[in-house]
Amino acid sequence: MRDAEEFDALYAACAGRVVGHVYALTGNRAEAEDAVAEAFMRAWQRWRTVREADSPEAWVRRVASRIAVSSWRKTFNRMRAHRRAAVDQGVPGLNEDHVALLQALRRLSANERRAVVLHHLNDLSVADVAAEMQAPVGTVKTYLARGRRAMAGLLTDVHQEETSHG
């Protein structure tokens with residue numbers, strides 16, 4: 001029974017954060033929730049190993065991110081194969097700031113986006129981001145600097161367009 005209690009405690013403590021992380025990476029809440037559910041299922045199947053990890057939450061976050069990226073790639077390839085035009089879909093409950101933030105995140109490289117989301121949205125230290133990304137601290141600092149600089153430009157452009165049209 002101890003295993004189930006420990007697993008339930010992990011789920012209760014971090015499922016929301018992990019969904020938020022994957023959502024920030026993908027921009028799609030349903031896909032994020034599916035990826036996190038799959039990651040927790042895998043964590044339960046490997047619970048004896050996962051609970052011994054330095055950070056079980058990081059294990060789940062890493063697996064959920066990989067699942068989401070894999071799903072994203074499959075979807076992208078399917079769309080490209082069918083040569084369909086992308087259609088913007090409105091997401092209920094999002095305001096213009098959320099949409100602008102997600103659009104700006106999507107324009108970053110995958111590594112920049114991951115570093116920015118882990119550091120700024122998940123409040124991980126640079127050292128923790130480096131450990132999770134399996135990259136040197138200096139490289140993560142570069143990703144963060146480039147990502148922040150790009151997003152600042154993108155978000156400033158969006159704000160200027162809104163104020164000039166309003």
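The values are calculated or read from the model by the stated rules, or taken from the named source; none is laboratory data. Predicted model, so just to flag it, every value in this text is computed and none were measured. All Cβ positions, even for glycine, are placed from backbone atoms using ideal geometry, and neighbour counts span all protein chains on display. Protein only, heavy atoms only, side chains kept; ligands, DNA and RNA dropped before computing areas. Shrake-Rupley method; radii C 1.70, N 1.55, O 1.52, S 1.80 Å.
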Using a 1.4 Å probe, how large is the accessible area of Met41, given in Å² and rounded to the nearest 10?
-> 90
Sites Glu5 and Val99, calculated FRET efficiency, Cβ-Cβ separation with R0 41 Å, nearest 0.05 = 0.55
Arg17 versus Met41: modelled label distance in nm, points set 7 Å from Cα along the beta carbon direction = 2.5
